[in-house]
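The values are calculated or read from the model by the stated rules, or taken from the named source; none is laboratory data. Keep in mind the model is a prediction, meaning the values are calculated, not measured. Here the Cβ positions follow ideal geometry from the backbone for every residue, glycine too, while neighbour counts run over all protein chains shown.
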């Protein structure tokens, strides 16, 4: 056995290794090795495992490998290998169980002989340039448990092109199947429901799939991850999705789904990630979504949802990403938002939210990103926001906020962007802390502001326009005038 992974090795593979004919394992992954597998490796008649992942290998598929009939595991990705995979690869390696060619530049069709590798259970051909169809005979790989074909240029247009899906039902041990980032189009056949009852992860995102939500998926009762995002699906999301109780991640974003958000989603007690963004959902956000005990990400960005944000959402103890931007949500931001102690990203911009920004928002001390721009918030900026020491982005632009800029904001030393532009703020702009860096501060469109560092190009407070001075004077008169 030769194990030299992760040692920052450079240069090429020594041909002298081929002299050790008793070698059964060669592993030199995660180095900086160049060139190709030496032709002399064809003499390693006992070799069972050849792992050369994450190097800088180039050239065609190593021909020496075709002589290694004892090979069980082969991992050549990621590297810079190119060209076609030899059509006789699988006939030459009858004992192959693991094949990883991911993240190379292989092209052409996936050889149909691939389906003759009866012992194979792990296949990763992802992130290459394979074209054509998925071999219809893939169902012969009855021991297959992992099949990753994502990020290629594979196609399926007609019913005949989808024949591989009909036959995959024979792979009764399949647990992970990915065809994301290809050129699949048309309707997903109902035979998807015949896939292994052991299937846990199904990736079909980033294609051109269309039609209604694939009905066969309701038979996949052990799914943990379902990705259908970035396709052309239409219609409503069926309520039966709430019956797949094992789901932990659901990605339906970037489609044309309509109707309301299914309330049955709240039955998915193990759900951690829910992506419904960039669809055409209408109606209210179901308060029942607040019942998720383990939800970490709720993304409903860019839909047509209206009504108020349910206060139940902020009772989810594990949520750290909430994206509700670009909807038609109105009303006030619930004051119990301060209970969302784990919240890191809060994106509510481009809605019709109004009223004061709750002081309790400052209790969310894990926040790094607050996006409340392009709403109708009024009142003053809560000074409590200065308590969020890890804040990196604070966007309150294009609202109706008034009053002065809280001096507590100077304490936000990690801030990378502060956008308070286009409000009705007045008074002197702070000059300490983050306000020293004009490249990260946006305050234009506030007629009542003055001062600040010279790079902000604000008027000095001593030469404020007369109307601003009158505004300040009228405020002072209200304060000192006795009550009759």
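A compact table of results
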item	result
Filtered residues of segment 303-323 (kept if over 16 Å from the mean Cα position of the chain (by Cα), surrounded by 20 or more Cβ atoms within 10 Å (Cβ to Cβ) and in a loop (DSSP other than H, G, I, E, B))	303, 309, 316
Positions within segment 369-382 being in a loop (DSSP other than H, G, I, E, B) and over 27 Å from the mean Cα position of the chain (by Cα), in sequence order	380, 381, 382
Failed item in (1) assigned to a loop (DSSP other than H, G, I, E, B); (2) surrounded by fewer than 21 Cβ atoms within 10 Å (Cβ to Cβ), with residue 174 passing the rest	(2)
Test for residue 403: is it under 19 Å from residue 356 (Cβ atoms) and at pLDDT 95 or above	yes
Residue 112 touching a helix residue (DSSP H, G or I) at 6+ places or on another chain (Cβ under 7 Å), surrounded by fewer than 18 Cβ atoms within 10 Å (Cβ to Cβ) and at pLDDT below 95	yes
From 169, 186, residue being more than 26 Å from the chain's Cα centre (by Cα) and surrounded by fewer than 19 Cβ atoms within 10 Å (Cβ to Cβ)	169
Identity of the residue in segment 211-248, within 23 Å of the chain's Cα centre (by Cα) and part of a helix (DSSP H, G or I), that ends up surrounded by the fewest Cβ atoms within 10 Å (Cβ to Cβ)	242
Check on residue 366, under 29 Å from the mean Cα position of the chain (by Cα), under 30 Å from residue 431 (Cβ atoms), surrounded by fewer than 20 Cβ atoms within 10 Å (Cβ to Cβ) and at pLDDT 95 or above	yes
Looking only at segment 392-429, and only at residues there that are farther than 16 Å from residue 349 by Cβ and within 32 Å of the chain's Cα centre (by Cα), the one that is surrounded by the fewest Cβ atoms within 10 Å (Cβ to Cβ)	413
Qualifying positions in segment 324-356 - part of a loop (DSSP other than H, G, I, E, B) and either touching a residue at least 40 places away in the same chain (Cβ under 8 Å) or within 27 Å of residue 269 (Cα to Cα) (or both)	324, 325, 327, 333, 334, 340, 341, 342, 343, 344, 348, 349
Hey, residue 137 out of contact with any strand residue (DSSP E or B) (no Cβ under 7 Å at 6 or more places or on another chain) and either in contact (Cβ under 8 Å) with a residue 60 or more places away in the chain or within 19 Å of residue 92 (Cβ to Cβ) (or both) or not	yes
Matching entry among 129, 157 (being at negative phi and modelled with pLDDT of 95 or more)	129
Meets criteria (under 16 Å from residue 228 (Cβ atoms), in contact (Cβ under 8 Å) with a residue 12 or more places away in the chain and within 28 Å of the chain's Cα centre (by Cα)) for residue 127	no
Which listed residue is over 21 Å from residue 253 (Cβ atoms) and out of contact with any strand residue (DSSP E or B) (no Cβ under 9 Å at 6 or more places or on another chain), from 310, 287	287
Some residue of segment 64-80 being on the phi > 0 side of the Ramachandran plot and touching a strand residue (DSSP E or B) at 6+ places or on another chain (Cβ under 8 Å)	no
Of all residues in segment 39-52 being under 38 Å from the mean Cα position of the chain (by Cα) and surrounded by fewer than 22 Cβ atoms within 10 Å (Cβ to Cβ), the one that is farthest from residue 106 (Cα to Cα)	48
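A quick yes/no check of all residues on (1) under 39 Å from the mean Cα position of the chain (by Cα); (2) part of a helix (DSSP H, G or I); (3) loosely packed, with under 13 Cβ neighbours inside 10 Å:
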{"site": "16", "(1), (2), (3)": "no, yes, yes"}
{"site": "21", "(1), (2), (3)": "no, no, yes"}
{"site": "30", "(1), (2), (3)": "yes, no, no"}
{"site": "37", "(1), (2), (3)": "yes, no, no"}
{"site": "54", "(1), (2), (3)": "yes, no, no"}
{"site": "65", "(1), (2), (3)": "yes, yes, no"}
{"site": "74", "(1), (2), (3)": "yes, no, no"}
{"site": "81", "(1), (2), (3)": "yes, no, no"}
{"site": "86", "(1), (2), (3)": "yes, no, no"}
